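Working notes for the structure below.
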Amino acid sequence: MYSEKFTDSIKAVEAARAKNIAYEPARMTAQEKEDLLKAYHPDYKETEFAELKIGPNKGERVPHELCATLQANSRINPSDIDLSKIDYDVDVLVIGGGGAGASAAIEAHEAGANVMVVTKLRMGDANTMMAEGGIQAADKENDSPAIHFVDAFGGGHFAAKRELLRKLVCDAPEAISWLSDLGVEFDKDKDGNMITTHGGGTSRKRMHAAKDYSGAEIMRTLRDEVLNRQIPVVDFTAAIELILDENGNASGAVLVNMETEEIMVARAKTVIIATGGAGRMHYQGFPTSNHYGATADGLVLGYRAGAKLLYAETLQYHPTGAAYPEQIFGALVTEKVRSLGAKLVNAKGEVFMHPLETRDVSAASIIRECGDRGNGVDTGNGQGIWLDTPMIEAIGGEGTIEKRIPAMMRMFGKYGIDIRKEPILIYPTLHYQNGGLDITEDCMTTNVENLFVAGEAVGGIHGRNRLMGNSLLDIIVFGRSAGKNAAAKAKDVKVGALTLDHVNAFANERKAAGITTDEVSPKLLPDYRNK
Amino acid sequence: MENMVNVFLFGKKYSVPENLTIMRAMEYAGYQLVRGCGCRNGFCGACATIYRIKGDRDLKACLACQTKVEDNMYIATLPFFPLVKQVYDMDKVAPTQQIMMQLYPEIYACIGCNACTKACTQDLNVMQYIAYAQRGDFEKCAEESFDCVMCGVCSSRCPAGISHPQVAMLARRINGKYLAPKCDHLENRVQEINDGTFKELIEALMQKPIDEMKELYNTREIEK
């Protein structure tokens, strides 16, 4: 329910609605986009970054919070850990129970490997579950993997590792086919054609969806398949350090039970990091659309073991996080709302940009509109911009919202806002970790043998910004690939003597660099207690 | 000063700001959540919660992350519920009524009390989707249950011991895999990629200098 202070602005939005629906705003030129990003995108705010003093990316700049966690103390003292007492002994150890981890586990199992999943919360507690809008794949007549490549490469500012992007776009249709075969219900017409829409920065309508529960539908199906295969899942158990062997190869992990704090040792021939993102680090104080456990754990584990990061300084701020009411502050409002026709409208009722620019450009544009241009709406908890959802019903007909974005209708409905009739207030929210561990095309890290990575913990697939729908895609494509490759590699691996010397070495490096901190990492969970 | 309300977390009284969700209220009171907290956005079903307002007869269920506190709210979380999840091979199940009889025969013991529907945190018509499952109408069961977050509250209220979310999960997978119309353009595209149809195009992009890639991107035609 909107209080009276919003009435005037809502009236302005309503009065301009018919005109705004008809209006086709121009897209920005390359130069306009560049200038806008430099001036307003959080990634360009110099004061928010610190230089890494130690580790494989020494000398590079990353957000303060990430810098602190990468350089923090281990949660263990290596001399306290008895590496001769092995609690779990497997071929493939998957760390993380989201979409990438589940896909990897299924494929490793399919390849005949003895695979196990550890996850610090439950299987499926992951950003995958919360992805709403959809998954890209170039499977329509007027589209091709090459066009998909150009869209993603440009949208990521020409920084993606091309061999990773090639794999993403070329394996996309097969990924959709695999999911369909597992029973994922994609939106289709009666002839079986996929109902697809645009996402920001796409040049073809290739966004496949399952209403606005796309990620949830994929995740619950993958989880069900993991359970059907009876793959061991050790839940409420976090990996807190990687274990290497005497040759420096990844050979397992030190685990901790999140409830009893019992420490356990898992030995493995190959390890897959599928720990996801970092929204709960709240970089630059932003709210986040991410799940509770998104604390960059995999980056910390990999970094201490010597694995390199790529583009760790680039984050994605989703342009449309909920700005009102405060109970859902920062929650994701899917880009699909704009794909279906809703435009961004300022406090005066003006459409100030094309609604489907790439996410970084859209976020920067909203920040400018609320900031220097002073056209934001005061929400009582910051600023917001209108996302004029009633346009969707005007364009697509009555019932479109309930059919295509029921989760959004429900989320706002709980607070007395009927998005079919009233616009909603949005502001950018921390959404995605563009960067992560540097891998080769086979999903193995570039410099730690037998350490594989998949999903949001990878850097370089998307470059410096990611398009909508390419993340659900990457967790499937790279998750499956990591699972297959880790299983194949495990066949030839002889694990040597286990060691945590790298943890000691990193501590020594920290000391030598003069870093003193009480902070321990990985962070595992944020602390929201009232203090 | 914020307006405060009294809530009773597992019976113990705390004073918390009235604008908080139940989840935030628990954190405000000092709980560091491990169980019973997942996506915090209403998608994962981790934070199933049962509550009663003092003086009310009704026992209500909700997701803690999606529900505001009320004065005199007695709250118990249900972070885990022992649902029955049968194990099956999707390649071997057949989309017939018999599969439900084999795997989840207890659905035929439904007494029609509708407690599941009343308890649903997503306001789904749970009893109706179970009725569809009984009849082997998987498409309707899938549609009716689609927004399920598998929190398990329905099953906690069921006198017949039905694990509704797992029944619906099976129905949706059967519908997605066997009953939904096949997608020809998808199969064709997978075949084309396997045949190497796009290989040359993609390899050209792999080599192209950045300036040419920029030109290609900035002048590309965008489908209306």
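Please treat every number below as a calculation from the coordinates, not as lab data. Quick caveat: nothing in here was measured; it's all calculated off a predicted structure. So basically every Cβ, Gly included, is an ideal-geometry build from the backbone, and we count neighbours across all protein chains shown.
Okay, here's what the table says:
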read-out: Alpha carbon centroid spacing (whole Å) that separates region A:270-290 from region A:406-451; value: 10 Å
read-out: Leading residue at positive end of dipole, the protein assembly as shown (Cβ point charges), from B:Asn188, A:Tyr528, A:Gly306; value: A:Tyr528
read-out: Pairs beyond 26 Å (Cα-Cα), from A:Lys85/A:Lys120; A:Lys343/B:Lys140; A:Lys211/B:Lys199; A:Lys33/B:Lys224; value: A:Lys343/B:Lys140; A:Lys211/B:Lys199
read-out: Full-stretch length increase - A:Val520, A:Lys403 - with 0.36 nm per residue and alpha-carbon distance subtracted; value: 37.5 nm
read-out: Spatial separation of Cα centroids for region A:180-214 and region B:1-70, in angstrom; value: 36 Å
read-out: Order of A:Val117, A:Val94 - criterion: other Cβ atoms within 10 Å of each residue's Cβ, fewest first; value: A:Val117, A:Val94
read-out: 20 Å reach of a label modelled at A:Ser3, 7 Å along Cα-to-Cβ, counting backbone N of region A:401-417; value: A:412-417
read-out: For region B:98-115, 3J(HN,Hα) per residue [Karplus equation, 6.51 cos²θ - 1.76 cosθ + 1.60, θ = phi - 60°, Hz, x = Gly/Pro]; value: 4, 4, 5, 4, 6, 8, 10, x, 5, 5, 7, 8, 4, 9, x, 6, 6, 5
read-out: Spread of Cα-to-Cα distances over 5 Å intervals beginning at zero, given as percent, for chain B; value: 1, 6, 11, 13, 12, 10, 8, 8, 8, 8, 7, 5, 3, 1, 0
read-out: For A:Ile272, distant residues with modelled amide H under 5 Å away; value: A:Leu93, A:Val94, A:Ile95, A:Phe452
read-out: Rh by Kirkwood over Cα pairs, then Stokes-Einstein D for region A:376-531 at 0.890 mPa s and 25 °C, µm²/s; value: 118 µm²/s
read-out: Sequence-distant residues sharing a close amide H with A:Gly459 (under 5 Å, placed H); value: A:Leu310, A:Gly436, A:Leu437, A:Asp438, A:Ile439
read-out: Principal axis dimensions, chain A - Cα atoms, whole angstrom, descending; value: 72, 56, 43
read-out: Hz values of 3J(HN,Hα) by residue in region A:54-68 - Karplus curve (6.51, -1.76, 1.60), Gly and Pro given as x; value: 9, x, x, 10, 2, x, 8, 9, 9, x, 3, 5, 6, 4, 4
read-out: Options A:Gln71, A:Ala16, A:Leu37, ranked by Cα towards positive dipole end of region A:1-79, top entry (Cβ charges); value: A:Gln71
read-out: B:Leu59-B:Glu106 FRET efficiency (beta carbon distance; Förster radius 22 Å; 0.05 resolution); value: 0.45
read-out: Per-residue ³J(HN,Hα) for region A:302-312, Karplus 6.51 cos²θ - 1.76 cosθ + 1.60, θ = phi - 60°, Hz, x for Gly and Pro; value: x, 4, 5, 8, x, 7, 7, 9, 10, 6, 5
read-out: Computed label-point distance, nm, for sites A:Asn193 and A:Ile86 using a 7 Å Cα→Cβ extension; value: 5.6 nm
read-out: Over 24 Å (Cα to Cα) - which of A:Lys403/B:Lys85; B:Lys12/B:Lys54; A:Lys167/B:Lys92; A:Lys53/A:Lys523; A:Lys45/A:Lys205 fall in this group; value: A:Lys403/B:Lys85; A:Lys167/B:Lys92; A:Lys45/A:Lys205
read-out: Where labels lie 7 Å past Cα in the beta-carbon direction, separation of A:Asn530 and A:Asn142 in nm; value: 5.5 nm
read-out: Residue order, fewest to most beta carbons within 10 Å, for A:Cys67, B:Cys141, B:Cys113, B:Cys62; value: B:Cys113, A:Cys67, B:Cys62, B:Cys141
read-out: Charge dipole (debye, nearest 20) of region B:4-77; +1 at Cβ of Lys and Arg, -1 at Cβ of Asp and Glu; value: 160 debye
read-out: Estimated D of region A:228-287 in µm² per second, where Rh is the Kirkwood radius over Cα pairs and Stokes-Einstein applies at 10 °C, 1.306 mPa s; value: 116 µm²/s
read-out: Residue (of B:Thr197, A:Thr7, A:Ser251) at the positive-pole extreme of the protein assembly as shown, dipole from beta-carbon charges; value: A:Thr7
read-out: Partnerless cysteines, meaning none of the other Cys C-beta atoms lie under 4.7 Å away, in chain B; value: B:Cys37, B:Cys47, B:Cys62, B:Cys65, B:Cys110, B:Cys113, B:Cys120, B:Cys141, B:Cys148, B:Cys151, B:Cys158, B:Cys183
read-out: Inter-part distance where region A:3-34 and region B:102-155 are each reduced to a Cα centre, Å; value: 42 Å
read-out: Cβ-based exposure ranking for B:Asp56, A:Asp245, in which fewest neighbours within 10 Å come first; value: B:Asp56, A:Asp245
read-out: Equivalent ellipsoid semi-axes - Cα gyration tensor, region B:97-179, angstrom; value: 18, 14, 10
read-out: Point-charge dipole on Cβ atoms (K/R +1, D/E -1) for chain A, about Cα centre, debye to 20; value: 620 debye
read-out: Computed [θ] at 222 nm, deg cm²/dmol, the protein assembly as shown (DSSP H ≥ 4; -39,500 (n - 2.57); rounded to nearest 500); value: -9500 deg cm²/dmol
